[in-house]
Amino acid sequence: MATHNDLGRRGEALAKAHLEASGYEIMDENWTFGKAEVDLIAYKDRNIIFVEVKARSGTGFGQPEDFVDARKQRLLVEAADEYIYLMNHQGEVRFDIISVLFDRNNNYKLKHIEDAFWPSAI
């Protein structure tokens, strides 16, 4: 099985390919602001979508998406605010999670959760 970092990179590559195949334009990858890193920033239908990718090799501690806790959500919102300001974006914004769960044979299940959380909810 791949190391932790390799698993994360593989998950991000699969998430990016999924988004592109679904008609999203990838604007940025691994964009950082302060302590936050946004894995993927995509654009579709006049919306900027901030995507957190979580890849895991098992569910013993929960589903991959369960690891996007309130602290991580706050960091993503702070980074998104800065990105929106820098891009002078006037359209809608969305926060998605893409979870990638690998099995022992390196097969995977990808789950794209649109509108995973709202900034006012954290």
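No value in this document is a laboratory result; all are computed from the given coordinates. Fair warning: this is a prediction, and the values are worked out from it, not measured in the lab. Every residue, glycine as well, gets a Cβ built from its backbone with ideal geometry; the counts of neighbours run over all protein chains shown.
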The stretch 28-94: trypsin sites (Lys or Arg not before Pro) in DSSP coil with no more than 11 other Cβ atoms inside 10 Å:
K35, R46
Expected vector for the stretch 40-51, Karplus 3J(HN,Hα) from phi with 6.51, -1.76, 1.60 and θ = phi - 60°, integer Hz, x for Gly and Pro, equals 9, 10, 10, 9, 7, 6, 6, 10, 9, 10, 9, 10
Contact order normalised by length for the chain, with contacts defined as Cα pairs under 8 Å and 6 or more residues apart; what percent is it?
24
Let me check I've understood the local charge: for I26, count other residues with C-beta under 12 angstrom from its C-beta, Lys and Arg +1, Asp and Glu -1. What total comes out?
-4
Would the chain count as rounded, prolate or oblate if I go by the C-alpha gyration tensor, calling it rounded below 1.5 in a/c and otherwise prolate when a/b exceeds b/c, oblate otherwise?
prolate
Assigned charges on the beta-carbon of Lys, Arg, Asp, Glu; the chain dipole about Cα centre (debye):
400
Suppose we keep just the DSSP beta bridges with both residues in the stretch 4-121; what percent of those would be antiparallel, to 5?
65
Tilt of helix 70-87 relative to the longest C-alpha principal axis of the chain, in degrees (0 to 90, nearest 10)?
50
For a quick check, take a GNM of the chain with Cα springs below 10 Å and name the residue from A80, A17, A55 with the largest mean-square fluctuation.
A17
With a sphere of radius 11 Å drawn around the Cβ of R56, what net charge do the other residues whose Cβ falls strictly inside it have (Lys, Arg +1; Asp, Glu -1)?
-1
Charge tally in the Cβ shell below 15 Å around Y108, where Lys, Arg are +1 and Asp, Glu are -1, Y108 excluded
+4
Helix 4-21 sits at what angle to the longest principal axis of the chain, using alpha carbons and giving 0 to 90 degrees rounded to 10?
60
Sorting S22, S99, S57 on the 10 Å Cβ count, fewest up front, what's the list?
S22, S57, S99
